[in-house]
Amino acid sequence: MVDTPLVTALFEDAWVLYADAIEELQRGKLRNAAEKAWGATKRATDALILTRTGREPRTSGQTDQGLRILGRRDPQIEQRLLGPYSIRARFLHGRCFYDGMCEPEDALQQDVRDTANYIRDAQELSDISL
């Protein structure tokens, strides 16, 4: 596994984006919170992929593919990250942020909050702790 300053920076950025998402929730800006939570999810996933492959994904498509490949190799990644990643990509990023369809609000707010669990799981599966 690769442990580089870039991995640390990616995870730190994920936590900063998560904090921004919570701040946006508190301001009542669900759409902005959703996109910040999605950004945190992507950065944490990119860090995981970097630790496992030595390569940082450059696009969302590369991140999707990289996570699926890792999930086939490691049942823990498949069980703990694939579903939550897909939910965030579809509902937070696609439906809420891009399409403006942020209902039901309580479910989306919970998805934003649960992003912290996703980041922690990605760190654990990367064997990185900050």
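Rule-based calculations on the coordinates, nothing more; no lab input. It should be emphasised that the depicted structure is a prediction, and the values quoted were computed from it without experimental measurement. Every residue, glycine among them, receives a Cβ derived from its backbone with ideal geometry; neighbour counts consider all protein chains shown.
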Practice prompt. Could you tell me which numbered condition Cys96 fails, if it satisfies all but one of (1) crowded, with 21+ Cβ neighbours inside 10 Å; (2) under 15 Å from the mean Cα position of the chain (by Cα)?
Written response: (2)
Worksheet item: Would a scan of the range 113-129 turn up a residue that is among the small types (Gly, Ala, Ser), exposed (fewer than 14 other Cβ atoms within 10 Å of the Cβ), within 18 Å of Trp15 (Cα to Cα) and more than 15 Å from the chain's Cα centre (by Cα)?
Response: yes
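Which residues, counting only those in the range 1-37, are of a type in the set (Lys, Arg) and within 25 Å of Leu50 (Cβ to Cβ)?
Filtering the range 1-37 down to residues of a type in the set (Lys, Arg) leaves 27, 29, 31, 36.
Of everything in the range 1-37, just one residue is of a type in the set (Lys, Arg) and within 25 Å of Leu50 (Cβ to Cβ), namely Lys36.
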Response to the item:
Ala19 meets each of (1) within 14 Å of Arg113 (Cα to Cα); (2) touching a residue at least 12 places away in the same chain (Cβ under 8 Å); (3) among the hydrophobic types (A, V, I, L, M, F, W, C); (4) out of contact with any His (no Cβ under 9 Å at 6 or more places or on another chain) with one exception, condition (2)
